[in-house]
Every structure is written in C-alpha cells, then in structure tokens.
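A short reminder: the numbers here are calculations on the coordinates, not readings from a lab. This one's a predicted model, so the numbers in the text were calculated from it and none came from an experiment. Methodologically, a virtual Cβ is constructed for each residue, glycine included, from the backbone with ideal geometry; neighbour enumeration extends over all protein chains shown.
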Amino acid sequence: MLLEVSNDLTEWAVCVRVYFLALSCWISEIFFEYFTKGHTELLDEIRKSEVNQQHISEKVAVVTGADGTIGREVVRLLLSMNFTVHAIVGDSYKANEIFHGKAGYPSDRLRLYRSNFERNKEIIALSRLIAEKTRGNISIFIGCAGVMLVRKKYINNIESHLSVNVLANALFIKALQECFNERTRVLLLGSSTCRVAMVPVLESEEHLLTNYVGPYQSYAYSKLALAAYVEHLSSSRFTTACVHPGVVPSGLYRNTNFFVKLVTYIICPFFLRNGAFAALLVVHTATRNDLQKGSYYEDTKRIPVTDRLSIQCKQSLANAFNRLANKELGIAA
C-alpha cells in the first residue's frame, strides 16, 4: 500500500513538472525559431554540411517512424537533399495515404517498409533486409519511432516505453552497424522530459527495465535511459547522438485524456512548433559538422542530461540493453 502511494506521488510530481517544462520549452522554442535560428538559416547550414556534400551514391538514409508527424517531414527533407530513403512505418494504410503519388516523395528514391516495434524478431528481419538493400552503405539513420504515456504494459518482460523507445533502437543499431562507417550519423529522437524523470534507486538490471510508476514517469525515464544509451555508444566508430525535436502536437498524445487531446489537437497547432520545423531541426542536428558523439541536443545546444545518473546506473542500463539486444540477435555474450 505504501509503495502504491509513493508511486502515485512520484507520478503526479513528474506529470506536473512535464507540463511546466512544456510551457518553458514553448517559450524558448518561439525565441529560437524567430530570434535565433529560423528556417532559412538552418536549411542553409544543412546544404553546406559535409554530409550533404557526399556523392549521391553515398547518400542513403534510414528513417523509422516515417509515418509520424515528424518522421514524414524528415523523409521529405532528406529526399529533397537527393538521399535515397528507406522509410520504416507502423501503419501501411496511413503510409500509403501520406506518400503514394504525393509531391515531395519521389518513388524512385523512396523505399517503404512496415514493422511493429513491439516485435523484436520483425525488427531484426527488417534490419537484415535493409542491410541487403543498401548494400552495406548507410550514411544517416534517424530514429523517429516511439510511444508515449502508455498504461502499464510489458513486452517480453520489459516495460513498454523502454522496449519501444530504447531497446528497439538498440536492436536496429546493432543489426545495422556493419552498414555504418566512421562518417555515418545515427540520431535518435529524445525528449526534454528526460530532465524531469525521477532517477530510480539502483537495485538490479532487471528492476531498471521492469519498474513501472505511471505513464508520465515511465515515458520520461525511457528518454533518460535513451540518452544514457546514446552516451554509451560514444565509443563506436560511427557518431550517435540524441535530439529533442521540440514540443510538437502529434500522434504521440493519443494516450492522453480528453482535455489534453482537445488542447493539443485543436488549440496548440496555432502556437506550438510544427512537424516541418521539428524535422528541419532533426536533420540539421544529424548533418552538422560539429556533431559530438554521445551527446543530447535541444535547439542546436548540447545539454548534459545524464549527469543525474550515477556511473553505475549508466553502466547497468547499457549492459542490460546490450545483453537483451545480443540475445535477440543471437550474439554470444
């Protein structure tokens, strides 16, 4: 009973902090877009980047969550930069509505795949197919897929936010790493909510992956764990980073209550960052010449969000996700 009360208080505390943070982000994002770096400046820096100057045969990108609000715009922008894009969607019907025959999505350079991020075997099989199709050459991987505010649910004995938001990305990266080289950029979509997540008391690797307090804490904690895993990958030969795309009204809010949905989908689109600008920021981060390995970014600035985690906790998280990914891939420990 005491544990349930404690969990409820933690969830309420995180929930309140999330909405205050959203308000703060909204204000700072307005200043960034209109007074710091707008659309034209970001696009100009992307065009001048070393990544964009590669030969067209080397411009191959993989985008997950490509049928989402931000993902579809990331795909459109990469195609406009003459990338061949391997786009992974979760809903084939929705993807057909978005991409089929629409301006900005040339079919000769767009490859569509479907995958359920709750099914690890599907992720692995798809990764192997993409590795074959790209002939071992991927210059950009952008992970836009994710879930938010899901009620208590476990996938293969792992809390669902951690499974989809972290483990699925770890599986893709490990399965495709032979297609990555020292110039490859791997960028995963994080969230500023990682800054308000309650840091769990380190008990065991199993506890770190199974503990569920509530939807807000679980989502925020999964994004903190993702930032920690990205930091762990800083020793890889390719460059991996994490970025908060901004507060964007999107399908991620489908699990919120009626009032939040009403505000998010009816009122907020007039005030919050849209998917197109968020995608511009994401691609700008992925292509910037000074991208730092293992870093987390918000509006082009590096933010040290994992400092609240102990070295032992970071290592335990990395070990847990690596162990699970290796097990799924059949890699010996």
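Counting only DSSP beta bridges with both residues in the chain, the antiparallel share comes to about 15 percent. Here the peptides 141-150, 256-265, 12-21 are ranked by packing, the mean other Cβ count within 10 Å, and the order with the highest first is 141-150, 12-21, 256-265. Coupling constants for segment 170-177 follow from the phi torsions by the Karplus curve (6.51 cos²θ - 1.76 cosθ + 1.60, θ = phi - 60°), and in residue order they are 4, 5, 4, 5, 5, 6, 9, 4 Hz; glycine and proline get x.
The helix-only estimate of mean residue ellipticity at 222 nm for the chain, built from DSSP H runs of length n ≥ 4 each weighted as -39500 (n - 2.57), is -13500 deg cm²/dmol after division by the residue total. 3J(HN,Hα) couplings calculated from phi for segment 8-19 with the Karplus curve 6.51 cos²θ - 1.76 cosθ + 1.60 (θ = phi - 60°) are, in sequence order, 4, 5, 4, 4, 5, 4, 5, 4, 4, 5, 4, 6 Hz; Gly and Pro show x.
Charges were assigned to the Cβ only: +1 to each Lys and Arg, -1 to each Asp and Glu. The resulting dipole of segment 2-329 about its Cα centre is roughly 560 debye. Note on segment 2-329: dipole from Cβ charges, positive end direction compared against Ile46, Val199, Ser163; the farthest Cα belongs to Ile46.
Comparing Cα centroids, segment 166-182 and segment 30-79 end up 21 angstrom apart. Phi-derived couplings, Karplus 6.51 cos²θ - 1.76 cosθ + 1.60 at θ = phi - 60°, listed residue by residue for segment 207-221: 4, 4, 9, 10, 5, 10, 9, x, x, 6, 4, 5, 5, 4, 5 Hz, with x used for Gly and Pro.
Rounded, prolate or oblate: which one fits segment 82-223, using the alpha carbon gyration tensor with axes a ≥ b ≥ c (rounded when a/c is under 1.5, else prolate when a/b beats b/c, else oblate)? Prolate. Once both labels are positioned 7 Å from their Cα atoms along Cα-to-Cβ, the gap between Glu58 and Asn7 label points is 5.1 nm. The residue list Val85, Phe31, Val248 was ranked by how far each Cα lies along the charge dipole of the chain toward its positive end, using unit charges on Cβ atoms, and Val85 comes out on top.
When only Cα pairs below 8 angstrom with a gap of at least 6 residues are kept, segment 173-247 shows a relative contact order of 52 percent.
log₁₀ I(q)/I(0) of the chain at q = 0.09, 0.11 Å⁻¹, via Debye over equal Cα point scatterers, no solvent, to two decimals? Values, matching the q order: -0.44, -0.67. Projecting the Cα positions of Gln315, Ala228, His100 onto the charge dipole of the chain (unit charges on Cβ atoms of Lys, Arg, Asp and Glu, taken about the Cα centre) puts His100 furthest along the positive direction.
Tell me the relative contact order for segment 2-329 as a rounded percent, counting alpha carbon contacts under 8 Å between residues six or more apart. Intermediate results must be reported in sequence, preceding the final value.
Details: 562 pairs, mean separation 73.0, N = 328.
RCO, segment 2-329: 22 percent.
In this label model, Ile311 and Ser235 are separated by 1.3 nm, measuring between points 7 Å along each Cα→Cβ vector. How many angstrom lie between the Cα centre of segment 267-325 and the Cα centre of segment 191-241? Between the Cα centre of segment 267-325 and that of segment 191-241, the gap is 11 Å.
Determine the alpha carbon to alpha carbon distance for each of Lys48/Lys293; Lys152/Lys327; Lys48/Lys301; Lys102/Lys133; Lys48/Lys133; Lys48/Lys94 and list only those over 22 Å. Exceeds cut-off: Lys152/Lys327; Lys102/Lys133; Lys48/Lys133; Lys48/Lys94.
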